[in-house]
Amino acid sequence: MNWEAFLAPYVQVVEELKVKLRGMRAQFEYESKHSPIEFVTGRVKPLTSILEKASLKNLPMNKLEEEIQDIAGVRVVCQFVDDIYTIINMLRSRNDFQIIEEKDYIREKKDSGYRSYHIIIRYPVATIRGEKQVIAEIQIRTLAMNFWATNEHSLNYKYDGQIPSDVKARLKRAAEAAFKLDEEMSKIKDEVQEAQRVFYQNKNKH
Ligand code: 0O2
């Protein structure tokens, strides 16, 4: 298997999606409007993780493209929970890709405490052999959800997926605190947004 050739369309998709989503953020800024996007990141899943997931799920090599849906992954991080739903609606109305699945781990958080909204898309990418439909995952979450997930991800890595129960319990409490933080921030959202609008307007004057 030529892995570099296999991964090339995924690299392309991640780059294209980052440009498009960052473009959305820039457009909100030009219009001095609150941007529902705080920042955008993206990555192609490392080959070792792809093969690990494949062996865990008992997948034959010819099923990787269909069955591992997060080989191409982009993440949209928002300030407020409401922003997540603004982004979801904007993504639903786009016609440059097709949504094939939505996973709402916000209304239904994972057992670990993980919260995030995942949208799985089929994205047409131009290759030297014509158009190819590539599956990609867009994760949308708040800064607080992202903070929690990043830390939990590091601990999972450290403990090779076997986080000790006392640390797990702490993580659950931290997830609860992150949820409360999102709730409290939502309540003062209008004031925060107004302050940020004034800040951007003044910044643009100079
Ligand atoms: P990495 O390092 O981010 O690539 P499923 O087969 O549907 O049960 P699947 O296919 O893993 O599960 O899909 P899902 O649930 O949408 O999760 C895919 C990605 O979501 C993960 O990728 C993580 O990025 C994130 N994620 C899901 N659950 C958790 C969690 O409990 N904690 C953290 N920190 N992230 C989570 P990978 O492959 O795990 O890792």
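Here, each number is a calculation from the coordinates, and none is a lab measurement. Since the model is a prediction, treat every value here as computed from it, not as a measurement. So basically every Cβ, Gly included, is an ideal-geometry build from the backbone, and we count neighbours across all protein chains shown.
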- Query: Could you give the length gained on full extension between L59 and S165, defined as 0.36 nm per residue of separation minus the Cα-Cα distance, in nm?
  - Reply: 35.1 nm
- Query: Contour minus end-to-end for R43 and K109, with contour as 0.36 nm per residue of separation and end-to-end as the Cα-Cα distance?
  - Reply: 21.4 nm
- Quick one: Cα centre-to-centre distance for the stretch 188-206 and the stretch 102-173, in angstrom? 31
- Task: Name the residue, out of S116, S35, S49, whose mean-square fluctuation peaks in a Gaussian network model built on the chain with Cα pairs under 10 Å.
- Result: S49
- For G73, net neighbour charge (Lys/Arg +1, Asp/Glu -1) across residues whose Cβ lies under 9 Å away: +1
- In this structure, among K63/K109; K18/K63; K110/K180; K110/K172; K168/K189; K63/K168, pairs with alpha-carbon gaps over 22 Å are K63/K109; K18/K63; K168/K189; K63/K168
- Task: In nm, give the distance between the simple-model label positions of E183 and Y157, each being 7 Å from the Cα along the Cα-to-Cβ direction.
- Result: 3.2
- Note on the structure: Residues meeting the amide H criterion for T127 (H placed from the backbone, H to H distance under 5 Å, 5 or more places apart or on another chain) are K132
- Message: If I stretch the segment between K33 and V11 completely, what's the gain in nm (0.36 nm per residue apart, minus their alpha carbon distance), one decimal?
- Response: 4.8 nm
- Query: Which of the aspartates and glutamates could be linked to K45 by a straight reach, that is with a Cα gap under 19 Å, when you skip same-chain ones fewer than 8 residues away?
  - Reply: E4, E15, E16, E65, E66, E67, D70, E137, E152, D160
- Query: Label point 7 Å out from K172 along Cα-to-Cβ: which residues of the stretch 133-166 have amide N under 12 Å?
  - Reply: 165-166
- Report ³J(HN,Hα) in whole Hz for each residue of the stretch 133-146, in order, from the Karplus equation J = 6.51 cos²θ - 1.76 cosθ + 1.60 where θ = phi - 60°; Gly and Pro get x. 8, 10, 8, 9, 10, 10, 9, 10, 8, 7, 4, 5, 4, 5
